[in-house]
Structure formats: C-alpha cells, structure tokens
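**Student:** What follows is a single structure, and I will ask about it in a moment.
Throughout, read-outs are computed from the coordinates displayed, never taken from laboratory work. The model shown is predicted, which means the values in this text are computed figures rather than measured ones. Please note: Cβ atoms are built from the backbone with ideal geometry, for glycine as well, and neighbour counts cover all protein chains shown.
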Amino acid sequence: MDCGLDNKCEDYLRISFNFSGGDMVVIGRVTVLIATVVLENAHEDSSNTQLNFLHPSYLSFKKISMVQESSVQIVCSDKQNDRLMESGSLRCAVNPPIFKKGSRVIFNTVFDITASGIQETSANFTIACDQVYRCENSLRITNESSFTRSTLLRYAVNVAATGIECTRHVIFRAGHQEERLVKHSYKVENLAPRSLPIRVKLTFPTRIGNKSLWNVSVSQITPGNRSVCQPLAQRLAAVQSGTAREAQDYIRLDCGIALCTELLCEVAVLEYHGVVIFRLQGKLMSSAIAELKVKELLLVSKVSLSYDGDKYVDISEVTAPFKEATLETEVDVVEEVNRLPMIIGGSIGGLVLLILLIIALYKVGFFNRNNNNGEGDNLNMNGSDGGEGPSTEGEVLPD
C-alpha cells in the first residue's frame, strides 16, 4: 500500500449515485431498479474497501455492470449476501485487496422489484462504507463515503369507465303531464394486476328551476366490490334554469342548464379484473322539460373516476380517454294534432264534391238521355197496336 511518508493510509472515498428512472419509480411499469454509482478514491490507497448497500427489502440484487471500462472490479459475493439481502442489505468489495489512490469507477447496480404487497410511497437507498462494515484504513478524511437518495414510489394502475346500457329515446306530448322511465348504466373495471381503492363520481340532472326533472335512484348490480355512495353538494346550473328560454330546436340537458346531483361512490378495493356496474334509473318529468320550450333535447349523465394520485399512476394510453364516460337519451316533444277539424273539413269537402259532380252530369245531359230512351220505347209499343198487319178476318179453313 502507498500510505505516504507517514506510513498512515488516509483514503478519501467519494460516493454518489442516481436512479436511471429519475426520482420516481412506477412499480408495475418497470421491473428493475438501476442505481448508477460513481466511486472514487481521491487520496491514499484504501485497503479492503467494502460498500454496503442499504435498500428496501422488496428489492433483490441482480447484477453489477460497468458503465465505463475500468481496471477496478466490484465483487458481490452471493454466499455472503444471501443472508443480508433478506433484511435489505448488500455488501460488495471494491477491487480487493487494494482500491488504489486516484482510481475511479462508474457501475450500475441492478435490483429486481418484487411488487406484491408493497404499500410505501417513498424509499430510501444508501451506499456507504460505514462503521458497521468498516473499511480497514486507519483514517478517513471526509464523510463523503456515504450517500443517501430517496425515490418516490408509484404504482401502475389501469381503470376504465364505459357506458353499457341506456334508454335511447323517449317521446312526450306537448301540453300533457307525462312521465317516462329512463335508465343509464355504467361499468367500471380494473384492467391492471394491482388492486386499488377507487372513487366513482356520478353526475346527472335532477331539477329545472323548482320542478323535478329526473327522479333518479342509483343501485349497484354487481355482487362483489361493494361501494358506499354519498351525495355531494348539488351543482348549480351555469345558466339560471328557471327562466324562460328562447325557443330552439336542440339542446343538451346537462349541468349547463339544469341543477345536477353529484354522487360520490367509494369502492374500498377494486381487484384485478374486478367490475362494478352502477345503474341510474328514474322517471323523467314532462312538466320540467316544458320549461325549456324546446322540441328536441339530449338528457346527459356522466361518470368520472379518480384515485390517490400520490400513490397510483395510470399507465395506459389506450384507456386514458375512458376515465370519464357519458350516456345520452334523446327526448322529443311532439305537438298533438287535433283531427276533428280534419274530419269535419273532409266530410264537407266530400259533400261539396258530390254536389258538383251531380251538377256536371246534369249539364251534359246525363239524366236527359235516360228520359229520351224511355219515350222511344213507348212509341214503339203504340205503333204495334195501330199499324197494319196480317188479317185473319174471312179466312176459310179447309175441311
């Protein structure tokens, strides 16, 4: 060992590292954690230098790989570490037996992530040559031989909401007090292996002004993954709904013009491939729709999903648009036609037409022609009675 003139070795170990994925690890999207370590000895030779990795127990050491070519070797004994790794520790020797002065090495330490059962939202990772696993040098100049970094832990999830069933079309008669049963059903599904608690918010219009619009009851029709639903404060319409509106052909009947109810349902645990189906069902009132003075409208409900953003990250670009879903029911208001004037008018029109037809036939002599034919017949009969014919008077019959 080169310990200088005083024959006392004073090493100057500097350790630093960072994580390849930055300061946040999304468990479920990545399967390994890579710590890129920079180690150098800036002073005299270091004897039997050992690094101690202190890491979360759900990390298991996989391998060491060099980032740059170096004569320095990092040796992690499997036999030594089998016992240590269960408690979240790893010991590696640095170029045994001597880590020469001026040496520098950059290497990756790769750990497998075992994701099952992890609930933490952060993790500390330390690399040190500390008092527990002491280097054999007699002196250490600074405390830069220990370095700690924290990383955030997030868990990959993939949940989706879709509308699966609804009443497509209803018709009301203008001027009548009527009710129609309307149903909207939504499915919420967990498509990722990790189970999680989830919040489902259901939004639907319930009043226009002081009139009841849609008398909704919410039920859950799946046997498992039960939820607890609590009403939130009702959402006021962006436009005052009680005032008369100018007539128009088509509107969306949502929270923009109606008073909406928001219901927040907490699903304690939504398992992998778990499904929750919510059904909105109730009577739609024509009296409230009449306030809008429209002929056509769409009744709109909505579902939106949320979860703890400090713990979970949605990783699917495919289902990202499906964190919200809407369903629509077409509503038509038709004017009822009074058929009595049409019947009366048709009858009178038919009678007038018949009279005109009779007059036209009379003008062309239709009825006179029939009379002339009758007189001719009478003349023929008179001629046969008074005309000359064969006489039988004075005729002698033969014996």
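**Student:** Suppose the chain between HIS273 and GLU144 were pulled fully straight at 0.36 nm per residue; how much longer would it get relative to their current alpha carbon spacing?
**Tutor:** Length gained, HIS273 through GLU144: 41.6 nm.
**Student:** Grab the Cα-Cα distance for ARG14 and GLN68, subtract it from 0.36 nm times how many residues apart they are, and report the gain in nm with one decimal.
**Tutor:** Contour length minus Cα-Cα distance gives 17.7 nm.
**Student:** Of the listed peptides 347-357, 152-162, what is their order by residue-averaged count of other C-beta atoms within 10 Å, with the highest listed first?
**Tutor:** 152-162, 347-357
**Student:** How much length would be gained if the chain were fully extended between VAL228 and VAL30, taking 0.36 nm per residue of separation minus their Cα-Cα distance, in nm to one decimal?
**Tutor:** Extra length available between VAL228 and VAL30 comes to 67.9 nm.
**Student:** Among SER77, SER60, which comes first, then next, by fewest other beta-carbon atoms within 10 Å?
**Tutor:** Sorted ascending by nearby Cβ count, the order is SER77, SER60.
**Student:** Per-residue counts of other Cβ atoms within 10 Å, averaged by peptide: what ranking do you get for 199-210, 10-21, highest first?
**Tutor:** 199-210, 10-21
**Student:** What's the FRET efficiency of ASP23 with ILE164 using the Cβ-Cβ distance as r and R₀ = 45 Å, to the nearest 0.05?
**Tutor:** With a Förster radius of 45 Å, E is 0.65.
**Student:** Next question, about the same structure. Going by how many other Cβ atoms sit within 10 Å of their own, how do HIS169, HIS184 line up, fewest first?
**Tutor:** Ordered from fewest to most neighbouring Cβ atoms within 10 Å, HIS169, HIS184 come out as HIS169, HIS184.
**Student:** Treat the count of other C-beta atoms within 10 Å as a stand-in for reagent exposure and order THR126, THR148, THR114 from fewest to most.
**Tutor:** Ascending Cβ contact count within 10 Å gives the list THR148, THR114, THR126.
**Student:** Rounded to the nearest 0.05, what FRET efficiency is calculated for SER212 and SER122 with R0 set to 51 Å and r the Cβ-Cβ distance?
**Tutor:** 0.55
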